[in-house]
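The values are calculated or read from the model by the stated rules, or taken from the named source; none is laboratory data. These figures come from a predicted structure and were not determined experimentally. Because the Cβ atoms are built from the backbone with ideal geometry, glycine has one as well, and the counts that use them run over all protein chains shown. Accessible surface is based on the protein model in full, side chains and every heavy atom, while ligands, DNA and RNA are left aside. Shrake-Rupley method; radii C 1.70, N 1.55, O 1.52, S 1.80 Å.
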Amino acid sequence: MENKVTQSQRLGEGVAPAPNASLQSISYNRDACAVGIVHLGIGAFHRAHQAVYTDDVLALSGGDWRILGVSLRSAGVRDQLNTQQGLYTLVEMDKAGTQYRLVGAISEVLVAPENPQAVLGAMVAESCRIVSLTITEKGYCHDPATGRLNKQHPDILHDLAQPDAPKSALGFIVEALRRRMQNNGSAPTVLCCDNLPSNGATLKQLVIEYACERDPALADWIDTQVPFPNTMVDRIVPATRPDDIEQLQKACGYQDLGMVKAERFSQWVIEDDFACGRPEWDKVGATLVTDVEPYELAKLRMLNGTHSALAYLGFLAGYEYVHEVVGNRDFYRFLRQLMVEEIAPTLVAPQGLDLTVYTDDLLERFANPSLMHRTYQIAMDGSQKLPQRLLGTLRDRLAADEGIERLSLAIAGWIRYVMAFDERGGDIAVQDPLAEVFQRIASDSYDAQDNMYRIDDLVNGFLSVVEVFGTELRQNSQFKARLTYWLGHLLANGAATTMKIFLSR
Ligand code: NAI
Ligand code: CS2
């Protein structure tokens, strides 16, 4: 049986091991289940979330729903998983302890840059009934403020010039759909599982915008034939660190370079709109609904908005990990007030969700010390995250003439972070598609003679980045004033002292 693991050997080498009681193994015949899903973006989150739900369905009732993973960028995960027949370990950690389970839903991984035709072939096959994605917010080649296609994105320019050898997810999806239309084939469902607002609808609009550039008739076919259901996805899945691999080896007796770790909590809310079937995810804990919006807005604003706030302010204060930030009493109080006083009032809670209970549940999840979730990881790609995490909330608060102090301090924290130097004089390696733009704004706002930053220039410069802030926020005098005030404090006093100043008001 391929699902065996061996003591002090790599997972998948197939030698009968000494059974490890704490390791939940595969309980179904993987070879009896054909591939039915092609997943673009075979990263940690997919392997700890959608693939686990799908693995549970296969264990429950079988079916041709195995997953062909695709990396559109690099060979790392392919090299980790293909030598172990797609098998990997999920390590679930919380205060109740640690659980280990093998996940068998993934059949293999393809690396698109090495063989784009193999990826297209898998997406075009009639057996492919779902194309799903977790390619990060920046993978959509869109303007984060408007959700519209960035037609000047290098990958889009490449794909329009070489449509049969695409680089972008949009390029792969549209070329595959074109071939399926030409073959008079069935239309798959395209299932976005990224943290985007109205993620399915946003992706559909981007796909149609791109398809219009190639063939309006194709765009019409996609518009009428291909479902793009919205989803809300939630599980905290930090990037795997070398320590995690070592700890797994000590616990289970084998090396698994493709392992992933996650909190025990997991939630998946899916719009039930599929063209040619889906796994029975509702039988294994997912929630199928007609309207995902209330769930998605609550999660993106309450969890992700607060995550981003603590990532920037916590990193600046010198905290490497999320649990350390919420372990600081000042930061804990600030984050709880941010959720209760400024975010929750903008929401209509999904049926059955008490937003105050949700607030405390989120803070408890953030406090999980086992995850070792780095503030630096959450801080990346902020230009692609802020619009749906903090700026939508800000706009609603301004429209309601309600207070924006905590939101302003959080956004000031992001500006201070992307200025790319920390509070101890070190550099911050800002990971963001617009990092160079931010660097230029910061340097243009620096007064060498006085050895200080002109804060008005900083604020005006950052608010002029329309891909993040759109066009109207820079006109809002209240927001500009409060952003200027808190950015001034962060530059003069640092994040920890600024937090004390905030709480003492
Ligand atoms: P990861 O870094 O493990 O994987 C990212 C995947 O996206 C990789 O396969 C990478 O090749 C691909 N990718 C990156 N840039 C791309 C681009 N420009 N075009 C195409 N593919 C690209 O990250 P992880 O943890 O899997 O998260 C991925 C996404 O999943 C997040 O950005 C978020 O939208 C969503 N998510 C993540 C959660 C988490 O806790 N990690 C929880 C909820 C949602
Ligand atoms: C995090 C999310 O890295 C980040 O930006 O805020 O990945 C977060 O862990 C998930 O959305 C939780 O569901």
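Of all the numbered requirements in (1) under 23 Å from the mean Cα position of the chain (by Cα); (2) over 27 Å from Gly392 (Cα atoms), Ala169 misses one, and that requirement is (2).
Of the numbered criteria (1) closer than 24 Å to Thr498 by Cα; (2) of a type in the set (Gly, Ala, Ser); (3) under 27 Å from the mean Cα position of the chain (by Cα); (4) open to solvent by 40 Å² or more (accessible area, probe 1.4 Å), the one Ala379 fails is (4).
Looking across Ile130, Ile156, one residue alone is open to solvent by less than 10 Å² (accessible area, probe 1.4 Å) and touching a Leu at 6+ places or on another chain (Cβ under 6 Å). It is Ile130.
Scanning region 410-432 for residues that are open to solvent by 40 Å² or more (accessible area, probe 1.4 Å) and either in contact with a His (Cβ under 9 Å, 6 or more places away or on another chain) or within 26 Å of Glu296 (Cβ to Cβ) (or both) yields one hit, Gln431.
Does Leu347 qualify as being within 16 Å of ligand 2 (Cβ to nearest atom), of a type in the set (A, V, I, L, M) and not assigned by TED's automatic domain parsing to the domain that holds Phe45?
Numbers: within 16 Å of ligand 2 (Cβ to nearest atom): no; of a type in the set (A, V, I, L, M): yes; not assigned by TED's automatic domain parsing to the domain that holds Phe45: yes.
For Leu347, the condition - within 16 Å of ligand 2 (Cβ to nearest atom), of a type in the set (A, V, I, L, M) and not assigned by TED's automatic domain parsing to the domain that holds Phe45 - is not met.
The sole residue among Tyr312, Tyr332 that is more than 16 Å from ligand 1 (Cβ to nearest atom), buried (at least 21 other Cβ atoms within 10 Å of the Cβ) and closer than 22 Å to Asn493 by Cα is Tyr312. Answer yes if at least one residue in region 144-157 is part of a helix (DSSP H, G or I), more than 30 Å from Thr306 (Cβ to Cβ), more than 16 Å from ligand 2 (Cβ to nearest atom) and out of contact with any helix residue (DSSP H, G or I) (no Cβ under 9 Å at 6 or more places or on another chain), and no otherwise. Yes, the conditions are met somewhere in region 144-157.
For Asp447, are the conditions met, namely being modelled with pLDDT of 95 or more, in the same structural domain as Gly318 (by TED's automatic domain parsing), in contact with a strand residue (DSSP E or B) (Cβ under 9 Å, 6 or more places away or on another chain) and surrounded by fewer than 19 Cβ atoms within 10 Å (Cβ to Cβ)? Break it down stepwise before answering.
On the way: modelled with pLDDT of 95 or more: yes; in the same structural domain as Gly318 (by TED's automatic domain parsing): yes; in contact with a strand residue (DSSP E or B) (Cβ under 9 Å, 6 or more places away or on another chain): yes; surrounded by fewer than 19 Cβ atoms within 10 Å (Cβ to Cβ): yes.
So Asp447 fits the description; yes.
Every test in (1) open to solvent by 40 Å² or more (accessible area, probe 1.4 Å); (2) touching a residue at least 40 places away in the same chain (Cβ under 8 Å) is passed by Thr224 save one, and that test is (2). Is one or more of the residues making up region 212-219 in contact (Cβ under 8 Å) with a residue 12 or more places away in the chain and within 16 Å of ligand 1 (Cβ to nearest atom)? Within region 212-219, not a single residue is in contact (Cβ under 8 Å) with a residue 12 or more places away in the chain and within 16 Å of ligand 1 (Cβ to nearest atom).
Kindly establish whether Pro350 is more than 26 Å from Arg482 (Cβ to Cβ), modelled with pLDDT under 95 and either open to solvent by less than 20 Å² (accessible area, probe 1.4 Å) or within 21 Å of the chain's Cα centre (by Cα) (or both).
Numbers: more than 26 Å from Arg482 (Cβ to Cβ): yes; modelled with pLDDT under 95: yes; either open to solvent by less than 20 Å² (accessible area, probe 1.4 Å) or within 21 Å of the chain's Cα centre (by Cα) (or both): yes.
In short, yes.
Restricting Glu342, Glu280, Glu320 to residues that are open to solvent by 10 Å² or more (accessible area, probe 1.4 Å) and either aromatic (Phe, Trp, Tyr) or more than 23 Å from Val131 (Cβ to Cβ) (or both) narrows the list to Glu320.
Given the condition among the aliphatic types (A, V, I, L, M) and over 27 Å from Gly147 (Cβ atoms), answer yes or no: does some residue in region 462-480 qualify? It would help to see each step written out before you state the result.
Here is the first cut: in region 462-480, the ones among the aliphatic types (A, V, I, L, M) are 463, 465-466, 468, 473.
Then keep just the ones that are over 27 Å from Gly147 (Cβ atoms); that gives none.
Checked region 462-480: no residue is among the aliphatic types (A, V, I, L, M) and over 27 Å from Gly147 (Cβ atoms).
Listed by position, the helices (runs of 4 or more DSSP H) inside region 380-428 whose residues that are outside the structural domain of Arg454 (by TED's automatic domain parsing) and away from ligand 1 (no atom under 16 Å from the Cβ) number at least 2 form an empty set. Within region 89-97, is even one residue assigned to a strand (DSSP E or B) and more than 16 Å from ligand 1 (Cβ to nearest atom)? Yes, region 89-97 has at least one match. Within region 125-149, residues that are not assigned by TED's automatic domain parsing to the domain that holds Leu160 reach no partner that is within 16 Å of ligand 2 (Cβ to nearest atom) and in a loop (DSSP other than H, G, I, E, B) with beta carbons closer than 8 Å at six or more positions or on different chains.
Applying a threshold of 8 Å to beta carbon distances and a minimum spacing of six or more residues, or different chains, the list of pairs starting in region 280-305 at a residue that is farther than 14 Å from Asp234 by Cβ and part of a helix (DSSP H, G or I) and ending at one that is among the polar types (S, T, N, Q) and open to solvent by 10 Å² or more (accessible area, probe 1.4 Å) reads Lys283/Ser61; Glu293/Ser198; Glu293/Asn230. Among the residues of region 238-254, the ones that are within 16 Å of ligand 2 (Cβ to nearest atom) and open to solvent by 20 Å² or more (accessible area, probe 1.4 Å) come to 3 in all. Can you spot a residue in region 99-107 that is of a type in the set (A, V, I, L, M), open to solvent by 30 Å² or more (accessible area, probe 1.4 Å) and within 23 Å of the chain's Cα centre (by Cα)? For region 99-107, residues of a type in the set (A, V, I, L, M), open to solvent by 30 Å² or more (accessible area, probe 1.4 Å) and within 23 Å of the chain's Cα centre (by Cα): absent. Just one residue in the set Leu203, Leu300, Leu196, Leu288 is more than 23 Å from Gly86 (Cβ to Cβ), open to solvent by less than 10 Å² (accessible area, probe 1.4 Å), at pLDDT 95 or above and more than 16 Å from ligand 2 (Cβ to nearest atom); that residue is Leu203. For region 175-193, the criterion of a residue being within 30 Å of Ala311 (Cβ to Cβ), more than 14 Å from ligand 1 (Cβ to nearest atom), in contact with a Phe, Trp or Tyr (Cβ under 9 Å, 6 or more places away or on another chain) and not in a strand (DSSP E or B) is satisfied by no position. Restricting Leu355, Leu407, Leu386, Leu390 to residues that are more than 30 Å from Leu248 (Cβ to Cβ), open to solvent by 10 Å² or more (accessible area, probe 1.4 Å) and modelled with pLDDT of 95 or more narrows the list to Leu355. In a residue-by-residue description of region 278-285, the property of being closer than 24 Å to Pro387 by Cα and modelled with pLDDT of 95 or more applies to no position.
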